[in-house]
1. Tell me the relative contact order for region 145-291 as a rounded percent, counting alpha carbon contacts under 8 Å between residues six or more apart.
2. Could you check the spin-label model distance between Leu287 and Val351? Points 7 Å from the Cα along Cα→Cβ, value in nm.
3. Hey, what's the per residue convex hull volume over the C-alpha atoms of region 91-223, in cubic angstrom?
4. Report the residue, chosen from Met254, Met340, Met77, that carries the largest GNM mean-square fluctuation when the chain is represented by alpha-carbon nodes joined by springs under 10 Å.
5. If we count every other residue with Cβ under 11 angstrom of Leu37's Cβ, Lys/Arg +1 and Asp/Glu -1, where does the sum land?
6. Note down the relative contact order for the chain as a percent, whole number, built from C-alpha pairs under 8 angstrom at least six residues apart.
7. What nm distance separates the two modelled labels at Leu227 and Met100, each placed 7 Å from Cα along Cα→Cβ?
8. Roughly how many debye, to the nearest 20, is the charge dipole of the chain about its Cα centre, given +1 on each Lys and Arg Cβ, -1 on each Asp and Glu Cβ, and no other charges?
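What follows draws every value from the coordinates through simple rules; no lab data is involved. This is a predicted model, so every value here is computed, not measured. As a convention, Cβ positions derive from the backbone with ideal geometry for all residues, glycine included, and neighbour counts pool all protein chains shown.
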Amino acid sequence: MMIQPIYIFLLVALIVSVTIAMLVLPNILLISHKKKLFDMPDKRKVHHAPVPRLGGLSFFPVMLITMGGLVLIYHLMGLSSGSMHGEVPYEFLALLVGSMMLFLVGLADDLIGVGYKKKFLVQIISAAMFPLSGLYINNFYGLFGIYLIPAEVGIPLTMLLVVFITNAINLIDGIDGLASGLSMVALLVFGVLFVHFRMWSYAMLAFVTVGVIIPFFSYNVFGSADLGRKIFMGDTGSLTLGYILSFFVIKYCMYEPDMLLTMKTSPVLVSFSVLMVPCLDVIRVVLRRARNKRSLFMPDKTHIHHKFLTMGFSPRRALVTIQLMSACFCAFTIVAILYMNNTLVFVIDVVVWTLLNLWFDHVINRKTKNEK
């Protein structure tokens, strides 16, 4: 059976984005070292040596160059196919505008620091881009017994979700490879889903983003700070990834009758499953801060990766364990919704997450008592 040109093009997109990112990252490292643009260690951070934090500077430009260049070449070659031809442009314009705003505020934060109020304002404006383009959550597919959602509810809910997911990726970026690793897996899942539904432009964007992350992941996880080969993504990268993931979540969740005819699962829960760990972790941390009457926006060491480190895990073991935990949640949810009620699956996920965290707390408390 002959492979369709679009599948080859998706593979080319992945390879091109990896290649360009591999060319860009060493130059960012060089500039960071020359200008001494480092993330300095402190008592809240895991690293013990200055590390450049502008790795995310490569994400948005490389994605834009790859997507724009390859889509143009695709059409010039006369290979228009499916949704790659005449696709709704406003959604991608909204993504472009919102990503650019977050890219700039993230870069400013990495270079000189930006207050959380200003960052939230930019995030809210960026989140508004999707409903303005006609993209918003309009169906819960039976979760909690809810199906169609009116626009006056769906639009603010969409904006809230965009800000929430964007910050969830930003806040989970606490140990090497965690935010980028979780994002890569989520992007691969979305890429496969969009290929299944023949939504080629969305699939290409997902795979291009994976390609951008791969070289960064290598430098971030396996690079040596002593040799000047290690780099962090910073807010520039985490805000960009979070925003793109929120775009995919909303696009996949948006009710479209033609798509629903071939869908036997819940888009809401499938989208939730791939981002379950960072999303539930943010909710847990915020509730804990509210209970202890602490500022909801001040950083601390209570995130899931901090728990694993406190339990005695090395950063590498913590990364692998959290990735496996995320994969198990995702696999269970995707399979369970084929046979069980959506709401029940969601409740099971939350209960298991809560019990796991109670067990982690028990291990930490016992370890603390033994050390005393």
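1. Once divided by the residue count of region 145-291, the mean separation gives 32 percent.
2. 1.5
3. Taking only Cα atoms, region 91-223 has a hull volume of 133 Å³ per residue.
4. The residue with the greatest mean-square fluctuation here is Met77.
5. +2
6. Details: 478 pairs, mean separation 83.8, N = 372.
Dividing the mean separation by the residue count of the chain yields 23 percent.
7. If labels sit at Leu227 and Met100, their model points lie 3.9 nm apart.
8. Details: 29 positive and 18 negative charges, 323 e Å.
It works out to roughly 1540 debye.
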